[in-house]
Amino acid sequence: MAPSDPSFDEIISKIQAATDITAVTKTLAPYLNNLNDPVFAAQPNGQVDPLDALDPATHSFAYLYFLVHRCKASHGFDHALLAKVWAFVTTCDGEQVRLASHKAMSFAEALVKVATETQQPIIAIKPLAVFIQRLQASPGQLTMIHPLLAKTCLLAQSVKDILPILDNDISDVKPQQTHINYKDFLLYHYYGGMIYAFLKKFERAVEFFKLAVSAPAEVASAIQIEAHKKYVLTSLLQYGRVLPLPKYIASAVQRTIKVQCVAYADFATAYEKKSNSAIRTELEKAKPIFVRDKNFGLAKQCMEALHRRNIQDLTRTYLTLSIENITSLIGLGSEPDGARRVEGIIVRMIESGVIFATISHEHAGGMVSFLDDPNQHNNTITMDMINAQIQKATAITAKLSAMDQAISSMPAYFNKQGSHGPEHSGYPMDESDYSMHMGYDNYVDEASSSSHKKQRTESDSGKRGRRSR
Amino acid sequence: MDPRLSPDPTSLDPTPGYNTNTMDTSADNHTTSMDSDMYTDSQPATAGTPSSLSNVTLTADAGGNGGADQAGNSKRKRFVKVVEVDAPNNLDLDAYIATYKGHTKVNRLEFIADRCPSLQVDALKLAITELRNTNTLHVSRYINLVRKLNEAVKFGAPGSGTVSSDLLTVDKTWADNQMLKAKQQTDLLEGELKNYKRNSIKESIRMGNIELGNHYYACGDLTSAHRSYSRTRDYCTTSKHIIELCMNVIKASIELGNFPHVLTYVVKAESTPEVAQDKELTKAKLKAASGLANLDLSKYPAAARDFLSIGEELVGNQYGDVISANDIAVYGGLCALASFNRTELKRLVIDNVGFRQYLELEPHIRDLIQGFYNSNYALCLDIMDKWKNDYLLDLHLHSHIEALYTNIRKKALIQFTSPFLTVDLTKMAKSFSTTVPALEKELVSLIIGGQIEARIDSQQKILWAKQTNKRSAIFDRSTAMGQDYEREAKALVLRMQMMNHGLVVKGPPGERGGPNDGEHAFEAAHHPRGGRDREMFAGTRANVSSFLSSFSRDRHHR
């Protein structure tokens, strides 16, 4: 903390002097950090407004310092301030802002606070969506703002602006750059999954929840447990069964899930068997839990999806079937309005392209003829799609192999292998000798020894795990 | 009201065939005094009229004794439902039972008596005569059967009038004699065995154990018999001994209903180097035993293969104390029909010279198989229907008849539809002697199970074979696979990055386990190479390697 606050002009000139990124890092950052908060919060009394004096594009770093306090102090709708916020988020220099990522976070929080107070969440959502794109070093990078924005969108039920961000998969996490922690990762995917579920894009929702559940963990996080509950329900909705989680899911998470999500597992088992009555009883039994977890809506949607799924099954067994028969076959026969509901469901399914069918009312009650998928895959669309997919797959495989190789040639990896080899083999061998030998072995015969190496790695880590306990 | 529907212990008894055995076992083995108690109790009944009150008391007593064992039994057997069979269509009881000998004869008779009211008296009569004629040492069983016969006569079962009075009364002197004999024999053999053991002569100990086992077996104490037989194991010196051991254990185990055990010993015997004499016969017996075991365990294809490979050795009921030649034809034929496809049927059954001999004994099974092979399903179903009651009275087959019949019917439906592009459901229903809606239901379950590739036009009642466009299917599958691959690879890359940067869910230090979200990731972020991290780090690499090498093999084989 500085002994005495420097004059306002002094600060401005200091800021304006630091024009390139190294200057900002080296001199400006320590300088501004040493200043007292009131300096930034001070209202310009007759002087020129610091926000006017500074250019948001070139002096993004310092601009942010002032802007945060202005936002924090602001109450209610302030048009001038919002114009400044907008100017800042659209033009600011991401590199500079990343240097002050905590300030960026406070800025985002302050903005959300303003938005909540004025009951106009769009005030925060739009700028933050733009801000994230500025802040990211690469398009798929996760920032601290992500979960906040997702949460705000979810609460406001306004998701248009966050969709482009959600649709772009997270592919880059660098805590050194963005100061995120695991909670940001979990929350972002949890909220993101909920947004997709809200939009009924269950395929993406499942994916997001899966990422949250299978995140590396030493102990289970409550977010992961909640994500798993929603994962079960959305997976049932989309696929009619619970997709298996990846093998690498942390054992702590798996254990906790087993204990905490019994009702969900039971419901899923009943659901996978497709028996209407069993599912209904299971749903009744689990209702208090679902309601408590605020998942009952999803569960109810599962019930509706069941009818759709059953109709889809019928297309595989029947060419034509009367609506009356369909109604009784999918277990709606006892309901008064069953036939009309079924017809509605079928029409909607035909519209959305899930099934291919025609309904004829020539006969009383209506007859449904199921057709085959007219797409014969003999057009350029299929070709292009396949090509695009092949390219994507090749690219991601290349990335994976590169990472694999990078790890296998990392000193840390060798050290780990080398330092534990001798005690297990029982030979009193000099450690450096051993690792050199190993390195040579790997170097010479990368391809043929790779499987061997893998085994060793596994057994090695197993031993290590036992030892540490 | 039919008196037989009221508290008749025999029809309430879940597993009558087995129950008597185990019940008597406990009586014979441990409490000789109780045995005689029971006997005294029944004294007035034998002296007075068959349907006296005290007879009912005896029933209650016996039921009480067997209670505990009964529970154990029903747990062991999966099928405890007793099906009452009115009257078999083709069964000639005398001819049927003449093919058996030993325990199974009485077991089967009692089994029939418990299930078929119309044959109850005849079966019991035959069983009691058999016990008397063989001078059985299994006295409690004799008493039990007499009691059952008394009840049957009392409730006026068909044929009651023909029962002679000496079958209705327990021959006290004979029974006492037999009981005494059994006791003496047990003591004698046990004493001898002790003596052998003291002298440590291996062969004598083995023989002593076998003799004791045989004796227990004769007394109906199967558990003790099994134990004694098993004990010879340590004293077997030649492969002949081992075969003997196995055959004995198998015999006892089959009667105990311990079929997994049977299989173990069949394998053991089959892996023993063969001895010259009776080589083929032994082999055939082992096959028959293993067939029975597989049948009991509902492994029908394995059972069929066993029965079919028996060869000609057992045509003359050489294994009559377990299975008759007729049984081999029936069990083998039904299991084969339920599990083989048409070509297998031709190769393994119709062209099987050895099995043909058995089929000659049961011509209807031969006709059934021929009819099935020649796609004459109406005939098949007709034969199956006619003989169903008979098979429900079979000791080993009864609980599997439903499953076997369902399988055969399914096979027939599949075969029927396979050559056609379109099938008229009304015609098909006729040849399967069923209604169109019922047939539709059956077909739907087969289509859903993927066993028939077809779709039903329920408006015109026509079954259309499905024209799958393989090209389209491949495209669909590869697209799905590509998406999966991309998604999983991306997740893996992301995961590796998270590990690399220490983005791992951690609990607060000092407090492990339990869901919590302490503010510790910052620490982790700044010390990304902790000890545990490195471990996970290597694990990740293993994940990547296995993913790259086995993605396509692991998934998408559907």
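The values are calculated or read from the model by the stated rules, or taken from the named source; none is laboratory data. What you see is a predicted model, and the numbers here were worked out from it, not measured in a lab. Heads up, the Cβs are rebuilt from the backbone with ideal geometry, glycines too, and the neighbour counts pull from every protein chain shown. Note: areas computed on protein heavy atoms with side chains; ligands, DNA, RNA excluded. Shrake-Rupley method; radii C 1.70, N 1.55, O 1.52, S 1.80 Å.
A few notes on this one:
- Subset tally (residues that are touching a residue at least 24 places away in the same chain (Cβ under 8 Å), more than 7 Å from chain A (Cβ to nearest Cβ), aliphatic (A, V, I, L, M) and over 23 Å from A:LEU314 (Cβ atoms)) for region B:457-492: 1
- Restricted to helices (runs of 4 or more DSSP H) entirely inside region B:357-437, those with at least 1 residues that are within 30 Å of B:VAL322 (Cβ to Cβ) are B:363-373, B:377-392, B:401-417.
- Residue list for region A:171-199, filter: part of a loop (DSSP other than H, G, I, E, B), at pLDDT below 90 and open to solvent by 20 Å² or more (accessible area, probe 1.4 Å): A:SER171, A:LYS174, A:HIS179
- Matching residues in region B:497-506 - criterion: being part of a helix (DSSP H, G or I) and either hydrophobic (A, V, I, L, M, F, W, C) or facing another protein chain (nearest Cβ under 7 Å) (or both): B:GLN497, B:MET498, B:MET499
- No other residue among B:LYS427, B:LYS411 is away from chain A (no Cβ under 14 Å), within 30 Å of B:PHE111 (Cβ to Cβ) and open to solvent by 10 Å² or more (accessible area, probe 1.4 Å) apart from B:LYS411.
- Exactly one residue among B:VAL349, B:VAL353 is crowded, with 17+ Cβ neighbours inside 10 Å, farther than 26 Å from B:THR434 by Cα and out of contact with any Gly (no Cβ under 7 Å at 6 or more places or on another chain), and that residue is B:VAL349.
- Residue check, A:GLN312 within 14 Å of chain B (Cβ to nearest Cβ), open to solvent by 60 Å² or more (accessible area, probe 1.4 Å) and under 30 Å from A:CYS261 (Cβ atoms): yes
- Only one of the numbered conditions (1) in contact with a Leu (Cβ under 6 Å, 6 or more places away or on another chain); (2) part of a helix (DSSP H, G or I) is violated by A:VAL368, and that is (2).
- Test set (1) at pLDDT 80 or above; (2) crowded, with 19+ Cβ neighbours inside 10 Å; (3) assigned to a loop (DSSP other than H, G, I, E, B) - B:LEU494 fails condition number: (3)
- Out of A:TYR191, A:TYR196, A:TYR231, sole residue that is in contact (Cβ under 8 Å) with a residue 24 or more places away in the chain, within 24 Å of A:SER106 (Cα to Cα), of a type in the set (Phe, Trp, Tyr) and more than 9 Å from chain B (Cβ to nearest Cβ): A:TYR191
- The condition (being buried (at least 24 other Cβ atoms within 10 Å of the Cβ), free of Cβ contacts under 8 Å to residues at least 60 places away in the same chain, over 16 Å from B:ASP484 (Cα atoms) and small (Gly, Ala, Ser)) is satisfied by just one residue among A:ALA215, A:ALA205, A:ALA265: A:ALA215.
- The criterion of being within 12 Å of chain B (Cβ to nearest Cβ), of a type in the set (S, T, N, Q), free of Cβ contacts under 8 Å to residues at least 24 places away in the same chain and touching a helix residue (DSSP H, G or I) at 6+ places or on another chain (Cβ under 8 Å) holds for A:SER401.
- Matching option when the condition is open to solvent by 20 Å² or more (accessible area, probe 1.4 Å), at pLDDT 85 or above and more than 14 Å from A:LEU111 (Cβ to Cβ), among A:PRO139, A:PRO164, A:PRO147: A:PRO164
- Residues of region A:300-332 that turn out to be under 17 Å from A:SER277 (Cα atoms) and either basic (Lys, Arg) or in contact with a Gly (Cβ under 6 Å, 6 or more places away or on another chain) (or both), as a count: 5
- For beta carbons closer than 6 Å, sequence separation of 6+ or different chains, a first residue in region B:497-517 that is modelled with pLDDT under 80 and a second that is surrounded by fewer than 18 Cβ atoms within 10 Å (Cβ to Cβ) and not in a loop (DSSP other than H, G, I, E, B), the qualifying pairs are B:PRO515/A:ALA222.
- Reported count of residues in region A:375-396, each being open to solvent by 70 Å² or more (accessible area, probe 1.4 Å) and either more than 10 Å from every other protein chain (Cβ to nearest Cβ) or not in a loop (DSSP other than H, G, I, E, B) (or both), is 10.
- The set of residues in region B:243-280 being hydrophobic (A, V, I, L, M, F, W, C), open to solvent by 40 Å² or more (accessible area, probe 1.4 Å) and modelled with pLDDT under 85 consists of B:ALA276 alone.
- A:LEU329 meets all of the listed conditions (1) loosely packed, with under 14 Cβ neighbours inside 10 Å; (2) in contact with a strand residue (DSSP E or B) (Cβ under 9 Å, 6 or more places away or on another chain); (3) at pLDDT 75 or above but one, namely (1).
- Residues satisfying the stated conditions in region B:299-315, i.e. in a loop (DSSP other than H, G, I, E, B) and open to solvent by 20 Å² or more (accessible area, probe 1.4 Å): B:LYS299, B:SER309, B:GLY311, B:GLU312, B:GLU313, B:VAL315
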